[in-house]
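Peer 1: Here's a structure for you.
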Amino acid sequence: MAIIIKDNVFTLQTKNSTYQMKADSKGVLLHTYYGKKTDETDYSYLISMQDRGFSGNIYEAREDRTYSLDFLPQEFPVRGSGDYRISCMHADLGTGVRDCLLFFDSYQTYHGKYGLEGLPAMFASEDEPVDTLEITLKDSQEEFYLHLYYGVFEEHDIITRAAVVENRTDQEIRLSKVLSACLDMDHDGLDFIHFYGRHTRERKMERVPLFHGVTELRSTRGTSSHQHNPFVILADKTTSEEMGECYGFSLLYSGGFHLHAEVDQFHQTRLVVGIDDSVFTWSLQPGERFVAPEVAMAYSNGGLSQLSHCYHNGFQKNLIRSRWKDKRRPILVNNWEATYFDFNAENLLKIAEEAKELELDMLVLDDGWFGKRNDDFSGLGDWYVNEEKLGCTLKELVDKVNGMGLQFGLWFEPEMVSEDSDLYRNHPDWAMVVPDRRPIRSRSQLVLDMSREDVRDYIKERLFAILDSANIQYVKWDMNRSVAAAYSVLLPRERQGELRHRYVLGLYEVMEAMLERYPDLLLEGCSGGGGRFDAGMLYYCPQIWCSDDTDAHERTVIQYGTSFFYPVSTVGSHVSAVPNHQTGRVTSIRTRGTVAMAGSFGYELDLNKLDEEEKKEVSEQVKSYKKYQNLIYNGLYYRLCDPGESGMSFWEFVSEDSLEVLVQGVVYRAQPNALRRRLRLAGLSEEAKYRVTGEESIYSGKTLMAGGILLPEIKGDDMAVQIHLKRLSTL
Ligand code: DGJ
């Protein structure tokens, strides 16, 4: 077992890391170590006790003024303990004061991985080296308990954490903050790497030094959001892709979140993460439990690529459940940028015919097939096929597409309602609008109250009716606005603060029900592109539409940021038309194809409008993707350069046995009379020999990683390069 317990010291061991806690003599659960793999020595000897001015002493310390939670490293700091740093919990146990004090109560361990009711969580099978530790803390006065869960994924160097609060008192407990995890570190000088953005510009990597004070990321949008992604990295200043220490934190949650990093007066660093507390309250009745979402933490002393590999492997094997995760995904053509709302069965079938000709696998019908939905002002919620617009039934269309040898996929936006819809006319109270106030619209639509059972039942009934009516093998689940001024008619005033979390639980419940009923369905997540691209969603969707920005140049940056945590197979990526609809930029079809191939690949244009040369290139791309798909999905992914710094973006896939290597990328600007650019490869077997496919020269892995390869001469902006190498033999 990867969990060693001795004298109330809990040591968790993964392949390359050690995590340690200790329930000390007062019963406080201290955090004593997280980093490079070591032994189970009690690392609390590193804590320097001293009487520190203005730092309170808990009563249990008696006259020992050196004992203060204001500086001690803790597993789950709470408000009211004399620790003035950011805390993980505010709990009103009955007095109106939001303070409590938690002490060690008990623990248990078992083989396997804990699960979380109603929430996504990493999982493991019996034969995997994964163990669980559950530590229970109890309030000093009340029957108020906190269960801290630790899932130890030895092979992936991942430790998951979750917190469950339990009310065993006979009165209501009011929670106004319950985060999922805290990590205290005894030093400062760390860099904070995070991924910010906006609609059509998601996950731009930014690396900033932490300072004395609080660095805060938050989504108050009811979704994980385009603006901030719920994953961050803490890294040493010198940590690079290839070397150095770093820690990753990924919250498995698709709603609003918050993440704080604080450097305190003693140069220590604390990171906390969990549900956004700015609009959160929860009334916990006697006997009830509140479950905070899971965090997956990882440690690497081999730089950022090794950290990414922990997440790529861990998420691919132990988070994504879909039957599709190891299968080649269908290469699809989606009609959105091809037709927008202006389509009928006839022109869809023309696209399908060409798709078949070019050996694609699936036609996806996007927004506009239901209700009176010919623009984005109406129809959402009326999930009834608009046969008049299509010119046939959905089944007839799907049968024809299937008859051509193509699969069929369909778009939904289940969580939304248009005011101009029958659904809204019949159930205005199903939208989350504050009574007697005018609604906050966004894309002219309102958000349905997913906390309501009747709303969820309606959505399920409609989704299932449509999915039962024809052979639909893929669903794109979209969500095109942020939650604002939300109110639920069914919740009393004092419980409105529960709405956003109840919304997320409701969303997960519907997705779960859908996947239970259609276990073979390929579900692609989407929220105006990547507005809900988070690890929580991956539990339901093996792929997520990465961004509404389909411009190949821009996509290299978006996909670069996304790659730090999320496996390539999860990144929905399509070739679209030029001039690009978002940026107006013109890039070659080869460049668009090369970039889109680093993901779950497809097209998003009218294939009939391509000229013969372009169609030939599409055929090549389809062949190439089918050939390399296994390497792309299951190989180790390396970022070869930072697009922000190098004027180019290159990435590499290396097969697990390092026999095959695929390098892809884009050089942004051509320059006259320039030296050819050099690119160092990564992850090769040092002593082995490699040959570039189509060339004679042979180099050792060592040479290719130290010296690199010369890129071809670049003529034209945004030129794509693809290089394939094969290992010959060992030297
Ligand atoms: C936003 C999505 O990201 C697009 O791909 C498309 O499905 C539109 N919504 C349709 O409204």
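Peer 1: Can you send over the solvent-accessible area of Lys37, 1.4 Å probe, protein chains only, in Å² to the nearest 10?
Peer 2: 100 Å²
Peer 1: Zone of Val489 (label point 7 Å along Cα→Cβ, backbone N under 20 Å): which residues in region 389-418?
Peer 2: Once the point is set 7 Å along Cα→Cβ of Val489, 414-418 turn out to lie under 20 Å by backbone N, inside region 389-418.
Peer 1: Please report the accessible area of Asp139 (heavy atoms, 1.4 Å probe, ligands and nucleic acids excluded) in Å², nearest 10.
Peer 2: Approximately 10 Å² for this residue.
Peer 1: Let me ask something additional. So how strong a dipole does region 259-410 carry about its Cα centre when Lys and Arg Cβ are +1 and Asp and Glu Cβ are -1, to the nearest 20 debye?
Peer 2: Computed about the Cα centre, the dipole is about 800 debye.
Peer 1: Around Val667, what is the net charge, scoring Lys/Arg as +1 and Asp/Glu as -1 over all other residues with Cβ under 13 Å from its Cβ?
Peer 2: Neighbourhood net charge equals +3.
Peer 1: Using only the Cα atoms of region 12-114, what do you get for the radius of gyration and for Dmax, in Å?
Peer 2: 15.4, 46
Peer 1: Using a 1.4 angstrom probe with every protein chain in place, what is the largest-first accessible-area order of Glu645, Glu142?
Peer 2: Correct descending sequence by accessible area is Glu645, Glu142.
Peer 1: Another question about this same structure. Just by accessible area at a 1.4 angstrom probe, what is the order of Glu695, Glu172 from largest to smallest?
Peer 2: The ranking, largest first, comes out as Glu695, Glu172.
Peer 1: In deg cm²/dmol and to the nearest 500, what is the mean residue ellipticity at 222 nm of the chain if only DSSP H runs of at least 4 residues count, each as -39500 (n - 2.57), divided by the residue total?
Peer 2: The per-residue figure over the chain is -6000 deg cm²/dmol.
Peer 1: Give me the one-decimal nm value for the distance between modelled label points at Glu40 and Phe103, 7 Å along each residue's Cα-to-Cβ direction.
Peer 2: Each label point is offset 7 Å from its Cα along the Cβ direction, giving 2.6 nm.
Peer 1: Which of the trypsin sites (Lys or Arg not before Pro) found in region 400-462 are in a DSSP loop and have at most 15 neighbouring Cβ atoms, other than their own, within 10 Å?
Peer 2: Here the trypsin sites (Lys or Arg not before Pro) that fit, given the DSSP loop and packing criteria, are Arg437, Arg441, Arg443.
Peer 1: Next question, about the same structure. How large is the accessible surface of Val586 in square angstrom, using a 1.4 angstrom probe and rounding to the nearest 10?
Peer 2: About 100 Å², ignoring ligands and nucleic acids.
Peer 1: Grab the Cα-Cα distance for Asn347 and Arg517, subtract it from 0.36 nm times how many residues apart they are, and report the gain in nm with one decimal.
Peer 2: Once the chain is fully extended between Asn347 and Arg517, it gains 58.0 nm.
Peer 1: Related question: State in Å² the accessible area per residue of the chain; use a 1.4 Å probe, count heavy atoms of protein chains only, and round to the nearest integer.
Peer 2: The answer is 38 Å² per residue.
Peer 1: List the chymotrypsin sites (Phe, Trp or Tyr not before Pro) within region 128-236 that DSSP assigns to loop and that have no more than 14 neighbouring Cβ atoms inside 10 Å.
Peer 2: Taking region 128-236 and a limit of 14 other Cβ atoms within 10 Å, the loop chymotrypsin sites (Phe, Trp or Tyr not before Pro) found are Phe211.
Peer 1: Over the alpha carbons of the chain, what is the largest minus smallest coordinate on each principal axis, giving the biggest first in Å?
Peer 2: On the principal axes, the chain reaches 85, 73, 46 Å in Cα extent.
Peer 1: Say R0 is 30 Å: what FRET efficiency, to the nearest 0.05, do Asn630 and His212 get from their beta-carbon distance?
Peer 2: Efficiency for this residue pair is about 0.05.
Peer 1: While we're looking at this one, here's another question. 7 Å from Cα along Cα→Cβ at both Arg678 and Lys702: what's the point-to-point distance in nm?
Peer 2: So the label points at Arg678 and Lys702 sit 1.7 nm apart.
Peer 1: Scan region 182-248 for trypsin sites (Lys or Arg not before Pro) in coil per DSSP, keeping those whose Cβ has at most 12 other Cβ atoms within 10 Å, and list them by number.
Peer 2: Here the sparse-neighbourhood loop sites are Lys237.
Peer 1: Over the alpha-carbon set of region 593-730, work out the extent along each principal axis and list the three values in angstrom, largest first.
Peer 2: So the extents along the principal axes, rounded to whole Å, are 49, 37, 29.
Peer 1: Calculate the translational D of region 431-492 in whole µm² s⁻¹ from Stokes-Einstein, where the hydrodynamic radius comes from the Kirkwood formula applied to all Cα pairs, the temperature is 10 °C and the viscosity 1.306 mPa s.
Peer 2: For these conditions, the coefficient is 117 µm²/s.
Peer 1: For Asp99, Asp92, give me the order by solvent-accessible area with a 1.4 Å probe, most accessible first, ignoring ligands, DNA and RNA.
Peer 2: Asp99, Asp92
The values are calculated or read from the model by the stated rules, or taken from the named source; none is laboratory data. This is a predicted model, so every value here is computed, not measured. Here Cβ is always computed from backbone atoms with ideal geometry, including for glycine, and neighbour counts include all displayed protein chains. Protein only, heavy atoms only, side chains kept; ligands, DNA and RNA dropped before computing areas. Shrake-Rupley method; radii C 1.70, N 1.55, O 1.52, S 1.80 Å.
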